[in-house]
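The values are calculated or read from the model by the stated rules, or taken from the named source; none is laboratory data. The structure presented is a predicted model; accordingly, all values stated were derived computationally and were not measured. All Cβ positions, glycine included, derive from the backbone under ideal geometry; neighbour counts span all protein chains shown.
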Amino acid sequence: MINQQLAELSNLALVVAIVLYVLALIGFAADLASSSQRRSDARLAAREAREAERAPQPATIGAGGASAGGAAIHGAEEAAPAPDAGADGPAPGTMTAQRFAFLLAGAATVLHIAGVVTRAIATQRVPWANMYEFATTSTAVVMVAFLAFCIRRAELRALGTFVVGPVLVVLLLAQTFWIVPAAALTPSLQNSHWLVIHISVAILATALSILGAVVASLQLLQSRHERALVQRAADGEEHPEHWGRFGHVLDRLPASSVLESLSFRVHSVAFVCWTFTLIFGAVWARDAWGRFWGWDPKEVWTFIIWVIYAAYLHARATGGFRGSRAAWVALAGFLAVVFNYTIVNTVINGLHSYSGL
């Protein structure tokens with residue numbers, strides 16, 4: 001028996017969560033913009049101070065025997081902040097745009113989870129029987145993982161714009177194109193504990209792949225930015241800035257080595273989840289269709305995803321393919337995840353197809 005009132009409450013909770021995610025995204029973006037502006041202003045002040053220091057000064061000797069020009073230079077040095085002075089904004093404890101956005105993201109995640117849970121209660125089953133429910137549940141896992149990382153390492157909050165943005169896009173797609181009324185399971189999925197086991201692991205694998213792809217993309221950008229700065233400094237450029245305002249945004253993010261380490265940890269867990277997704281899927285297929293493997297499109301593409309992520313882990317462990325090369329392999333795995341979730345589900349007919357939703 002479907003509780004339609006709870007189903008409507010679930011949808012309302014998800015809509016409000018989307019609104020809060022939008023506000024959080026604006027807050028995270030405003031924080032990046034303001035911090036990059038502060039860094040730009042600080043560098044400009046430091047540049048003006050260095051130029052004033054190199055400018056010829058009249059060597060007027062005052063009564064105390066000190067050089068007036070030297071005093072002017074010393075005063076300019078004291079007045080000019082260091083390049084990174086004030087770049088991190090107000091002191092801890094004040095309500096900054098980033099902290100406010102983080103609180104909004106936390107509140108949105110709570111509502112997001114509430115929407116998923118009420119959908120489960122309304123249908124009296126696990127809330128991942130179709131693309132809409134899979135999308136809402138997997139994005140909730142993404143946000144929980146991101147918030148957990150941010151609690152452990154506060155500097156990772158600077159990634160908020162790049163995590164909340166994709167989550168918001170998926171939720172908007174789900175609410176616009178994939179939403180379906182709350183309904184009972186189809187007969188083929190009823191009374192099967194493998195629905196809970198297999199799909200829950202697949203949701204976790206997909207969520208970690210999304211988070212890992214975001215981090216790997218930022219790693220590539222940050223690595224290129226760092227190499228450009230080093231090269232410009234080596235060429236003797238006095239102000240080796242790169243990519244303008246976006247370069248200042250990247251200055252706020254963790255170093256590429258930190259992002260690479262985080263990407264590796266996330267993808268390592270994702271690979272384990274994809275492994276068990278394949279194993280549990282094969283066991284469920286034997287129970288439902290009488291065979292472990294039947295070259296169904298969904299099975300094939302899940303195996304392709306597993307192979308690509310296995311290649312990523314191998315590349316990450318090989319000295320010549322670490323860094324950017326390994327990150328490109330990880331992104332190739334994410335593209336396979338996207339193809340598997342969209343094209344395979346909705347276009348290619350198979351036993352796993354969600355066509356018609």
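Taking into account only those residues within segment 123-173 that are in contact (Cβ under 8 Å) with a residue 24 or more places away in the chain, in contact with a helix residue (DSSP H, G or I) (Cβ under 7 Å, 6 or more places away or on another chain) and not in a helix (DSSP H, G or I), which is nearest to Thr186 (Cα to Cα)?
Restricting to residues being in contact (Cβ under 8 Å) with a residue 24 or more places away in the chain, in contact with a helix residue (DSSP H, G or I) (Cβ under 7 Å, 6 or more places away or on another chain) and not in a helix (DSSP H, G or I), the top hit is Ala129.
Can you confirm whether Val329 is free of Cβ contacts under 8 Å to residues at least 40 places away in the same chain and under 21 Å from Asn130 (Cα atoms)?
Answer is no for this residue.
Starting from segment 214-226, take each residue that is within 13 Å of Gly247 (Cα to Cα) and list its partners that are buried (at least 22 other Cβ atoms within 10 Å of the Cβ) and of a type in the set (Ser, Thr, Tyr), counting only C-beta distances under 6 angstrom and pairs at least six apart or across chains.
Here the result reads Gln222/Ser256; Ser223/Ser256; Glu226/Ser256, each pair linking segment 214-226 to a residue that is buried (at least 22 other Cβ atoms within 10 Å of the Cβ) and of a type in the set (Ser, Thr, Tyr).
Residue by residue, here is whether (1) among the charged types (D, E, K, R); (2) modelled with pLDDT of 80 or more holds:
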{"site": "Thr176", "(1), (2)": "no, yes"}
{"site": "Ala228", "(1), (2)": "no, yes"}
{"site": "Trp243", "(1), (2)": "no, no"}
{"site": "Arg291", "(1), (2)": "yes, yes"}
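Out of (1) closer than 21 Å to Leu185 by Cβ; (2) touching a helix residue (DSSP H, G or I) at 6+ places or on another chain (Cβ under 6 Å); (3) of a type outside the set (Ser, Thr, Tyr), the odd one out for Val283 is which?
(2)
For segment 302-340: of the residues being among the aromatic types (Phe, Trp, Tyr) and crowded, with 21+ Cβ neighbours inside 10 Å, which is farthest from Ser209 (Cα to Cα)?
Tyr312
So which residues in segment 122-144 are among the aliphatic types (A, V, I, L, M) and either touching a strand residue (DSSP E or B) at 6+ places or on another chain (Cβ under 7 Å) or at pLDDT 95 or above (or both), if there are any at all?
Ala140, Val141, Val142, Met143, Val144
Being within 25 Å of Phe149 (Cα to Cα), modelled with pLDDT of 90 or more and over 21 Å from the mean Cα position of the chain (by Cα), is that true of even one residue in segment 247-262?
No, segment 247-262 has no match at all.
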